[in-house]
Amino acid sequence: MVKVAVMGYGTIGSGVVEILEKNKERIRKNSGEELEVKYVLDLREFEGDPIQKKIVHDYQVIVNDPEVRVVVETMGGVEPAYTFVKAMLEAGKHVTTSNKALVADKGAELIALAEEKNVNFLFEASVGGGIPIIRPLMSSITGDEIVEISGIVNGTTNYMLTKMTNEGLAFDEVLKEAQAKGYAEKDPTADVEGYDACRKIAILTSLVCGQQVNYEDIHTEGITTITKEDILYAKKMGRVVKLLAKSCLTENGYCALVAPFLISNDHPLYHVNDVFNAIFVKGNMLGDSMFYGSGAGKLPTASAVVGDIVDMVKHMNTHIVLRWDKEPVKLADYKQSESRFFVRTKASKQEISQLFGEVEFVDVDVLPDEIGFVTAPMSEAAYEQKAKELSDLLRMIRFN
Ligand code: HSE
């Protein structure tokens, strides 16, 4: 029998407890052990709920109980999650977390501590919710050099962009609807400004390069400036707007970026809609592959946490090696990366051609006072220089 403690009885934590109960027999067979939740750490009491008898308010109760071998952290945020997780690892307990903020910030340090204590710190649920992506990267395709990871890793913004595309709605309208349905938070900043996606691509890039990628170093643009008019142009070009978190291997190392991109209909990410997530991975031997599924939500995310619990129970006396050194890596400057740029402007075709040379013009009948165009491939730096000189620039969205 392995005793488990769950820190944080919110959406994901309660999902973990539910799965451990519902799939008890299957989990017992697959892990080779019976699992029992002994404690649930939360500030609330949950009066009348069967969980009430397991509730504790002091994390030291868990730290000091040698019977608890596995701890689940589903509290979110860096503190106090970091203090609690560190104490659990120091006490020789295995920890799994769904908390991307914690992993992006403290992943390398907590992995090193887990190694020192010969336990595990796993975090499959921190990126892509229920989609297995970290384990495949760390085991199945670990023999590959990963030359690209491009992900739709935020369900909220993907839902919003899908609605804008399918129903011609404005950003504010879809945000209200997403909030009403519980897909978007009351304060949606982390999702719509791309901060959530930024932390997720920082984690994935850290894992593929084996070194700390500081999320602050990743240029991040959200979707708040995307309008109905942008979507009309996207449709005219047979493309969709998606918030991508991208990391590509260049001769100067990994180059990471989070921004809205225009994706063509022959790319697998084009078809990823609503709250679904997908992570497109290109390996130097494997070629292209895509991991698709539910990127958020109670049971999908809890399912990934339970997968980690089973893995830890099967490796009770072994540290699963994850190479993620603390030394921060220097990312390649995204301004040197090349792309084609879609631009909306009120400038004349003559001015555009003089500045950008040969471009493809895009007309949308219902927007007669402006013009769209797509540049030839050029660096971000070169684009920025030219864009500064262009009169009446309305929008730029990169081509994928
Ligand atoms: N807010 C996140 C999303 C939750 O919308 O994808 C999962 O990390």
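Observations, loosely collected:
- Filtered residues of segment 22-54 (kept if within 19 Å of Asp65 (Cβ to Cβ), touching a helix residue (DSSP H, G or I) at 6+ places or on another chain (Cβ under 6 Å) and without any contact (Cβ under 8 Å) to a residue 40 or more places away in the chain): Glu34, Val37, Tyr39, Val40
- Subset of segment 285-336 (residues that are without any contact (Cβ under 8 Å) to a residue 24 or more places away in the chain and out of contact with any helix residue (DSSP H, G or I) (no Cβ under 9 Å at 6 or more places or on another chain)): Gly287
- Strands (runs of 3 or more DSSP E) wholly inside segment 210-326 that include at least 2 residues being surrounded by 15 or more Cβ atoms within 10 Å (Cβ to Cβ), under 15 Å from the mean Cα position of the chain (by Cα) and more than 16 Å from the ligand (Cβ to nearest atom): 239-250, 253-264, 276-283
- Total residues in segment 122-143, condition within 23 Å of Glu327 (Cβ to Cβ), outside any helix (DSSP H, G or I) and of a type outside the set (S, T, N, Q): 3
- Evaluating Met138 against the criteria (1) away from the ligand (no atom under 16 Å from the Cβ); (2) of a type outside the set (Phe, Trp, Tyr); (3) over 16 Å from Gln212 (Cα atoms) leaves one unmet condition, (3).
- Odd one out for Ile203, checked against (1) more than 16 Å from the ligand (Cβ to nearest atom); (2) part of a helix (DSSP H, G or I); (3) surrounded by 17 or more Cβ atoms within 10 Å (Cβ to Cβ): (1)
- Filter result for Asp363 (touching a Gly at 6+ places or on another chain (Cβ under 9 Å), acidic (Asp, Glu) and over 30 Å from Glu34 (Cα atoms)): yes
- If you go through segment 365-376 and keep only what is farther than 11 Å from Arg344 by Cβ and surrounded by fewer than 11 Cβ atoms within 10 Å (Cβ to Cβ), you end up with Asp365, Val366, Pro368.
- Criterion applied to Val95, Val119 was being buried (at least 22 other Cβ atoms within 10 Å of the Cβ), over 11 Å from the mean Cα position of the chain (by Cα), more than 15 Å from the ligand (Cβ to nearest atom) and in a loop (DSSP other than H, G, I, E, B), and the one residue passing it is Val119.
- Of the residues making up segment 172-184, at least one is without any contact (Cβ under 8 Å) to a residue 24 or more places away in the chain and in contact with a Phe, Trp or Tyr (Cβ under 7 Å, 6 or more places away or on another chain).
- When Glu384 is tested against the conditions (1) part of a loop (DSSP other than H, G, I, E, B); (2) surrounded by fewer than 18 Cβ atoms within 10 Å (Cβ to Cβ), the lone failure is (1).
Readers should treat all values here as calculations from the given coordinates under stated rules, not as data from a laboratory. Keep in mind that this is a model prediction, so the values were computed, not measured. A quick note on method: Cβ atoms are made from the backbone with ideal geometry, for glycine too, and the neighbour counts reach across all protein chains shown.
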